[in-house]
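Engineer: Here it is: the structure, laid out below.
The values are calculated or read from the model by the stated rules, or taken from the named source; none is laboratory data. The shown structure was predicted, so the numbers you read here are calculated from the model rather than taken from an experiment. As a convention, Cβ positions derive from the backbone with ideal geometry for all residues, glycine included, and neighbour counts pool all protein chains shown. Heads up: the accessible areas ignore ligands, DNA and RNA and are worked out on the full protein's heavy atoms, side chains in. Shrake-Rupley method; radii C 1.70, N 1.55, O 1.52, S 1.80 Å.
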Amino acid sequence: MRELLLPKFNNNDEGCVLVGWAVDDGAEVYADEVVAEVETAKALEELVADVDGVLHRLVEVGAQCEFGRPVGLLFDSHQERDDYLANQASAVVTTAPEGEREDHDGGPDPILSDAARTLAQDHGIRTEQLRSLGKRVVKASDVQRLIDQGVMDQGVMDQGAESAAAGAAADAAVVSLSTRQRAVAAVVSEAHRTIPAAFAAIAVDLTAFRATRGGGAPYGLVELLVKAIAARHADFPLFFATPGADHTLVLAPDANVGVTVDVGTGLFIPVLKDAARRPIDDLADDLMDFRVSALRQNFRGDAFADEAITLSLHNDPDIILAAPIVHPGRTCVVTLCAERSEVALAEDGTPFTRPVTTVAVTYDHRYLNGRDAVRFLTAVKQDLESADAIARLAG
């Protein structure tokens, strides 16, 4: 028997959601065959078997799974799997703690597997609710069905209050989160729980950039900002680092910039590899390919690998400020907001308008300080406002 382990598909997530099994429970599978599909906060990924075997599923569809943990078992034969199931059945236990089981008219308490017992305890499912299933042996999927149906013990409730609650529930509109959004929710919750984030923002004059656009430059502000960020890799290595154990940081060898892409099919963060050394028109081509892949939801398997720093795009019209989360595994995230016009005064006091934008950074305050953030933003600002620096970055 071998465990079917869930590999770590990217460094930003601690786990993912199992959205579907491609092989029936108890079916034979072959090495390199796709057996399941999982969803991280970034993309759908395929889980493949590394050896031939008979599949036994350990988790249900929709379950949150941790990287590095088994989601199934691969047995050498059907007989080996049958023996395993027989041993498991002999080891099941009931939910009622010792000393609390009572006689009742509904027959004996059902027998629960370990997974079912844990799920029932976590969600407050009582023994009488489990008996209502009419099953002698209850599996985790049975308990999950009770949870999904909302069959929870409401305590002592008078009939009038119960009717009112039922009427209110009938009138309420209930929307279930998609598996992709549940994956995003898990990442956001983990980020807010573990990362003490701070924030800084700076205004950037886009006059010099607009002048290059007037000359027909084949790139946009996003590509130019990616180059400006990547160019600061050597000067600000901690902004491109991965938190390690015991208050350490693992420095990134290359300036790989992840860029958020959301075209209405979900949030993805594909990575522009080695952005400091590659031509800017290559980056522009990659970004266009990323948008097409997001529409079709067919990213390459390595599209999200080796991210060192994240650029979060909030450049829809009228967005002047945004502070996204710092993804677990990163020390910061840079934000680009929308272009806008600003009234300024010339040296002689004459008013004029100029194009500006806001570039910001949300950072993990355990590793980066406010002074570092301001220095980093100022360096990026200087590159975006200088015609010579723009020519160097785009050259």
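Engineer: How big is the accessible area of H78 in square angstrom, nearest 10, if you roll a 1.4 angstrom probe over the protein chains?
Structural biologist: It works out to around 90 Å².
Engineer: Could you go through region 343-354 in sequence order and give the Karplus-derived ³J(HN,Hα) for each residue, using 6.51 cos²θ - 1.76 cosθ + 1.60 with θ = phi - 60°, rounded to whole Hz, and x for Gly and Pro?
Structural biologist: Per-residue couplings from phi come out as 7, 9, 10, 6, 4, 8, x, 6, x, 8, 10, 9 Hz.
Engineer: Moving to a separate point now. Keeping all protein chains in place and using 1.4 angstrom, which order do S141, S132 fall into by accessible surface area, from largest down?
Structural biologist: S132, S141
Engineer: First check a/c for region 231-350, with a ≥ b ≥ c the square roots of the eigenvalues of its C-alpha gyration tensor; if it is under 1.5, answer rounded, and if not, answer prolate when a/b is larger than b/c or oblate otherwise.
Structural biologist: Judged from the Cα gyration tensor, region 231-350 comes out oblate (a/c at least 1.5, b/c at or above a/b).
Engineer: A further question on this structure: Can you tell me the accessible area per residue over region 169-284, all protein chains present, probe 1.4 angstrom, in square angstrom?
Structural biologist: 48 Å²
Engineer: Straight-line reach from K8: which lysines have a Cα under 24 Å away, not including same-chain ones fewer than 8 places off?
Structural biologist: Those lysines meeting the cut-off are K42, K273.
Engineer: Can you tell me the FRET efficiency between D76 and K135 if r is taken as the Cβ-Cβ distance and R0 is 35 Å, rounded to the nearest 0.05? Don't skip to the answer; put the middle values down first.
Structural biologist: Numbers: r = 31 Å, r/R0 = 0.87.
Efficiency, rounded to the nearest 0.05: 0.70.
Engineer: Ok, one more. Once you have a ≥ b ≥ c as the square roots of the Cα gyration tensor eigenvalues for region 303-350, tell me rounded if a/c is under 1.5, and otherwise prolate or oblate according to whether a/b is larger than b/c. Walk me through the intermediate numbers first.
Structural biologist: Working: a/c = 3.49, a/b = 2.74, b/c = 1.27.
The shape class here is prolate.
Engineer: While we're here: Once the whole set of protein chains is in place, how much accessible area is left on D316, using a 1.4 Å probe, in Å² to the nearest 10?
Structural biologist: 100 Å²
Engineer: Ok, one more. Run the simple label-point estimate for R278 and I147 please: 7 Å along Cα→C-beta, distance reported in nm.
Structural biologist: Each label point lies 7 Å from its Cα, and together they span 4.1 nm.
Engineer: For N369 and F352 in one chain, what is 0.36 nm times their gap in residues minus the Cα-Cα distance, to one decimal in nm?
Structural biologist: 2.6 nm
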